[in-house]
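Just below is one structure, and these are the notes that go with it.
Values quoted throughout were computed directly from the atomic coordinates according to the rules given, and no laboratory measurement underlies them. Only a predicted model underlies this, so the values are computations on that prediction, with no experimental measurement involved. Here the Cβ is made from the backbone with ideal geometry for all residues, glycine too, and neighbour counts use every protein chain on show.
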C-alpha cells in the first residue's frame with residue numbers, strides 16, 4: 001500500500017502544480033489578462049484542480065485544467081471516483097487489448113475478403129476518446145487489404161445535431177478525419193426497416209451502415225441515467241436509428257417500465273430493446289473504451305457488440321462509482337465531461353446537499369448546454385408547446401417539478417464564463433448566475449457564514465453512486 005503521508009517534496013510539488021494551474025475562467029485568456037486568484041481570499045485558500053472544456057481545449061486538446069479556490073477554513077471534501085488513478089493505456093496496450101476479441105473472430109480475419117467498411121462513432125456530447133483507437137483500427141484494416149477509399153466513418157448520435165469537419169477531427173483525430181470519408185447519420189431519411197423487436201419497436205436503421213461489407217462500432221462506457229451505461233448496443237439504437245425507432249424506445253418502453261436507470265444493464269427493458277436492434281444490424285466488431293477523468297483510455301474490450309460491452313460494464317461499475325458525502329452545506333458539481341447535458345452532473349447536488357444548502361453547477365464549455373435534440377423537439381411540438389411554453393415551465397416548474405435544478409429546498413448557483421440566455425433558461429427562477437469565480441465565493445460566503453462542509457464532485461458528468469449491477 002502506498003504511503004498516505006505526503007513528503008515535504010510531494011507537498012511542494014503539489015503547491016507548485018496548484019499555483020501553475022489557472023483560476024477557473026482564466027485558462028483561455030492571454031497571460032497578461034489572466035485573473036490569478038480570488039482577491040477576497042487574500043492568498044489563503046484551499047484549491048481543487050478540475051478538468052473542463054471536453055473536446056474544446058486549445059489546439060485540439062481534449063480538455064484543459066482549471067483551479068477552483070475556497071476559503072482555507074472551509075471543510076473541503078473532494079469526491080473522486082474509485083478508479084480515478086487507473087493507469088493509462090499505451091498505444092501498444094491499446095492494440096493488444098483491441099486484438100483480443102470477446103465473442104467474435106479477430107478483426108483482421110473478419111476484414112479479409114471484404115471491400116467496404118462502415119465505422120460508427122459518437123458525437124462530442126459523449127466523450128469517448130475514439131482518437132486513441134483509430135490509428136490501430138485503420139492499420140489493422142489496411143493489413144487485411146482494405147483500401148482507404150472504401151472506409152466510411154458514420155457519426156452515430158441518434159437525434160442530436162450534425163457534426164462539422166473540425167468536430168469530427170477532435171473525435172477521430174485530425175489526420176484520420178482528413179484521410180477517410182465520414183458522414184453524419186440522418187435521423188429523418190435514408191433508413192431501412194430491418195424488423196420489429198419483441199417489445200414492438202419497428203427498427204429502421206441507417207441504410208449506408210447496413211450496406212457495408214464490414215460493420216464496426218466504436219463506443220465509450222460511461223454511466224447513462226436510463227440505459228445503464230453508454231456504449232454497446234446504444235451505438236445502433238439510438239445511434240444509427242430513425243426518429244420513430246428512437247421515439248418508441250424512449251417513450252413506449254422507457255416511460256412504461258421500472259427496470260431502467262443508471263448502472264442497470266442486464267434486466268433493463270430499454271437496453272434489451274437496443275440489443276435486439278443491434279443484433280438486427282449485424283454489427284461485426286466493436287471497440288468499447290473505458291476512460292478516466294482526462295479522457296484517456298484505461299481499458300478496452302473488443303469483439304461482439306453485446307458480450308464485449310457486458311465485460312466492460314462489470315469493470316466500469318467498480319471504476320466510476322463514487323461515495324456520496326451526505327448533508328453537505330455546499331455541493332460543487334462540475335458538469336464535465338457532459339456539459340452539453342449538464343443536468344446529469346447536477347444530480348450529485350440532490351444526492352449530497354442538505355436541505356437549505358447550496359448547489360454550485362459548473363458548466364465550463366463554449367457551447368454551453370446544447371439545445372438541439374430532435375426527439376425532445378418532436379415530443380414538445382406534438383403537444384402543441386412552443387419554446388416560450390417550455391422555457392416558462394423550466395423557469396417556474398411548480399411544486400415537485402424541480403426543472404433542471406435540485407428537488408430539495410436548495411439555493412442554486414450556476415457558474416460559467418460562457419453564460420448565455422439559453423443556459424439561464426434551463427434553470428428555475430431564483431438561480432444565481434456568475435461568470436467570475438470570485439462572485440461565486442462571495443455569494444457562498446454570504447449564504448454560509450462560518451466553516452461550511454463542502455463536497456466537490458470534480459467530473460460529475462461521468463461519476464455515479466455506489467450502485468450494484470442488476471445482473
So if I take the alpha carbon set of the range 401-471, get Rg, then get Rh from the Kirkwood formula, what is the Rg over Rh ratio? 1.02
Computed Kirkwood radius, in angstrom, where 1/r is averaged over Cα pairs of the range 271-413: 18.3
Euclidean distance between Cα centres, the range 50-125 to the range 220-261, Å: 21
For helix 269-281, report the angle its Cα long axis makes with the longest principal axis of the Cα atoms of the chain; keep it between 0 and 90° and round to the nearest 10°. 40
Quick one: order 348, 301 by neighbouring beta-carbon count within 10 Å, fewest to most. 301, 348
What number in nm² do you get for the range 336-376 if you take the convex hull of its Cα atoms and divide its surface by four? 3.7
Mean 1/r over all different Cα pairs, inverted: what Kirkwood radius does the range 91-319 give, in Å? 17.3
To the nearest 10 degrees, the tilt of helix 437-447 (Cα long axis) against the first principal axis of the alpha carbons of the chain is 60
Output the relative contact order of the range 146-298, whole-number percent, from Cα pairs under 8 angstrom with separation of 6+ residues. 25
I want the antiparallel fraction of DSSP beta bridges within the chain, as a percent rounded to 5. 35
Among 74, 437, which comes first, second and so on when ranked by fewest other beta-carbon atoms within 10 Å? 74, 437
Counting each DSSP H run of 4 or more residues in the chain as -39500 (n - 2.57), what helix-only mean residue ellipticity at 222 nm follows after dividing by all residues, to the nearest 500 deg cm²/dmol? -7500 deg cm²/dmol
Rel. contact order, % - alpha carbon contacts under 8 angstrom, at least six apart, the chain: 18
How far is helix 8-20 tilted off the main Cα axis of the chain, in degrees rounded to 10, range 0 to 90? 80
Please figure out what share of the DSSP beta bridges in the range 91-319 is antiparallel and state it in percent, rounded to the nearest 5. 40
If neighbour count is taken as other Cβ atoms inside 10 Å, put 49, 353 in order from fewest to most. 49, 353
With only alpha-carbon pairs counted, each pair once and no self-pairs, how large is the Kirkwood hydrodynamic radius of the chain in angstroms? 23.3
